[in-house]
Amino acid sequence: MRKLIKSLGLLSVVMLAAPFLVHAAEANEMDESAFVVHKLTEFLYAIGEPTYYQRNYSYLLVGEKQALMFDAGANQKEDITAVARTITDKPLSVLPSHLHFDHLGGLHNFQSVYLVDIPFTQKFKREDGLYHVPEPVYLGNFDHMVVPPFKVARLVKPEEVIDLGGLKVRVLSVPGHTQDEVALFDEAHDILLAGDHLYPSWLLAGNLKDYLSSLDRTLKIISPKTAVYGAHADEDPTRVPAMTYDQIVAIRDKMLQIQTGRAKAESFSDPELIRSSELYKVENDISILTKIRFTDGRGFGY
Ligand SMILES: [Zn+2]
């Protein structure tokens with residue numbers, strides 16, 4: 001919140017300077033855009049939301065035949081597909097990393113939605129053929145958000161390969177944060193898009209046992225050379241959330257210590273989201289949160 005107020009203060013100073021009125025209008029437009037694009041490779045773009053308190057990052061993969069967004073952003077008002085359209089005119093689909101509100105904000109703007117096909121997600125399909133995500137799964141209450149029921153264009157099984165034309169990604173099921181959490185692995189270019197499975201900030205453990213086995217598996221699939229990108233930035237929201245192999249090992253080791261009762265917890269709360277939790281520091285901005293109770297009194301976990 002502090003950062004947001006600071007940038008608004010700067011904007012009003014600029015607007016007071018009359019000779020720069022045109023520039024002020026431009027600055028205004030720039031400041032008000034929720035999305036910032038970072039080009040990572042010729043075919044991969046990160047779309048960040050640095051002014052949003054959760055500092056989300058979604059990713060756009062551009063193949064020769066189609067484009068795929070991994071996550072739909074958190075912002076519901078601005079159209080994230082319009083941002084994608086400044087980069088590619090290929091047929092565009094979206095695959096959410098999981099069904100939390102901050103990854104589905106722009107879902108309604110997509111013509112084509114992919115969804116991981118597991119028993120947990122299958123039960124959200126109703127007689128109208130649409131997927132209705134219940135609030136206890138979506139958690140949109142925090143941001144006063146609701147998700148309209150949506151049509152799924154393609155169900156993808158764990159381990160299935162999505163071929164975008166000259167660019168292939170394998171869907172990895174990585175439960176632990178949530179049951180439906182998935183990551184995308186591009187083996188040819190050695191890139192892992194990790195969603196909420198891994199990012200360099202507070203990791204919310206929904207199920208420690210699942211999380212640990214997913215991390216073990218991830219470490220078998222990737223190598224120290226793999227580029228790993230997560231869905232939330234660290235304290236610097238303008239930086240694309242990349243993870244090193246050593247950080248992932250440190251997270252896995254800390255989780256093992258928590259599971260075996262060898263790690264020391266601090267109690268942690270945060271006015272925006274978390275009333276109480278146990279926090280285990282890993283390094284720098286990276287921590288693991290367990291026994292989470294949100295500000296509205298709901299518990300997190302499965
Ligand atoms: Zn999440």
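Each value in this text was obtained by applying a stated rule to the coordinates, not by laboratory testing. Please read all numbers here as calculations on a predicted model, not as lab measurements. So basically every Cβ, Gly included, is an ideal-geometry build from the backbone, and we count neighbours across all protein chains shown.
Say each of H189 and Q257 gets a label point 7 Å from the Cα, pointing the same way as Cα to Cβ; how far apart are those two points in nm?
Taking the two extended label points, one gets 3.5 nm.
Which of H108, H103 comes first, and how do the rest follow, when ranked by fewest Cβ neighbours within 10 Å? Walk me through the numbers on the way to the answer.
Values: H108 14, H103 24.
Lowest count first: H108, H103.
When ranked by the protection proxy of mean other Cβ atoms within 10 Å per residue, highest first, what sequence do the peptides 252-262, 118-128, 44-54 form? Show your work: numbers first, answer last.
Numbers: 252-262: 15.1, 118-128: 12.9, 44-54: 21.1.
So the order, starting with the most tightly packed, is 44-54, 252-262, 118-128.
Based on Cβ point charges of +1 for Lys and Arg and -1 for Asp and Glu, what charge dipole magnitude is obtained for region 125-211 about its Cα centre, in debye rounded to the nearest 20?
Approximately 180 debye in magnitude.
Given just the C-alpha atoms of the chain, how large is their convex hull per residue in cubic angstrom? Walk me through the intermediate numbers first.
Numbers: hull volume 41.9 nm³, N = 302.
Spread over its residues, the Cα hull of the chain gives 139 Å³ apiece.
Using +1 at the Cβ of each Lys and Arg and -1 at the Cβ of each Asp and Glu in the chain, identify which of G48, W202, G166 lies farthest towards the dipole's positive end.
W202
Anyone know which of V94, V146, V113 comes out most mobile in the 10 Å Cα GNM of the chain?
Comparing V94, V146, V113 in a Gaussian network model of the chain, the most mobile one is V146.
Treating the beta-carbon of each Lys and Arg as +1 and of each Asp and Glu as -1, no other charges, what is the dipole magnitude of region 216-302 about its Cα centre, to the nearest 20 debye?
Values: 13 positive and 13 negative charges, 95 e Å.
Magnitude of the dipole: close to 460 debye.
Rounded if a/c is under 1.5, else prolate if a/b is larger than b/c, else oblate: which is region 225-292, with a ≥ b ≥ c the root eigenvalues of its Cα gyration tensor? It would help to have the intermediate numbers written out before the result.
Values: a/c = 2.74, a/b = 1.20, b/c = 2.28.
Note, shape of region 225-292 comes out oblate.
Could you line up S201, S214, S267, S276 from fewest to most neighbouring Cβ atoms inside 10 Å?
Details: S201 18, S214 23, S267 9, S276 14.
Ranked by crowding around the Cβ, least crowded first: S267, S276, S201, S214.
Specify whether the C-alpha gyration tensor of region 68-170 places it in the rounded, prolate or oblate class, a ≥ b ≥ c being the square roots of the eigenvalues: rounded for a/c under 1.5, otherwise prolate if a/b is larger than b/c and oblate if not.
Numbers: a/c = 1.89, a/b = 1.16, b/c = 1.63.
Here region 68-170 falls in the oblate category.
If we sort 238-250, 72-84, 148-160 on the protection proxy, mean other Cβ atoms within 10 Å, highest first, what's the order? Walk me through the numbers on the way to the answer.
Details: 238-250: 16.2, 72-84: 20.2, 148-160: 13.8.
Descending packing order for the listed peptides: 72-84, 238-250, 148-160.
Express in whole angstrom the spacing between the alpha-carbon centres of region 172-205 and region 76-139.
17
Give the order of T226, T88 when sorted by the count of other beta carbons within 10 angstrom, beginning with the fewest.
Fewest-to-most ranking of T226, T88: T88, T226.
Counting only C-alpha contacts under 8 Å and six or more residues apart, can you give the relative contact order of region 119-265 as a whole percent?
Reported as a whole number, the value is 15 percent.
Classify region 167-302 from the C-alpha gyration tensor, please: rounded if a/c falls under 1.5, else prolate or oblate depending on whether a/b exceeds b/c. Mind dumping the intermediate values first?
Values: a/c = 1.69, a/b = 1.57, b/c = 1.08.
Because a/c hits 1.5 or more and a/b exceeds b/c, region 167-302 counts as prolate.
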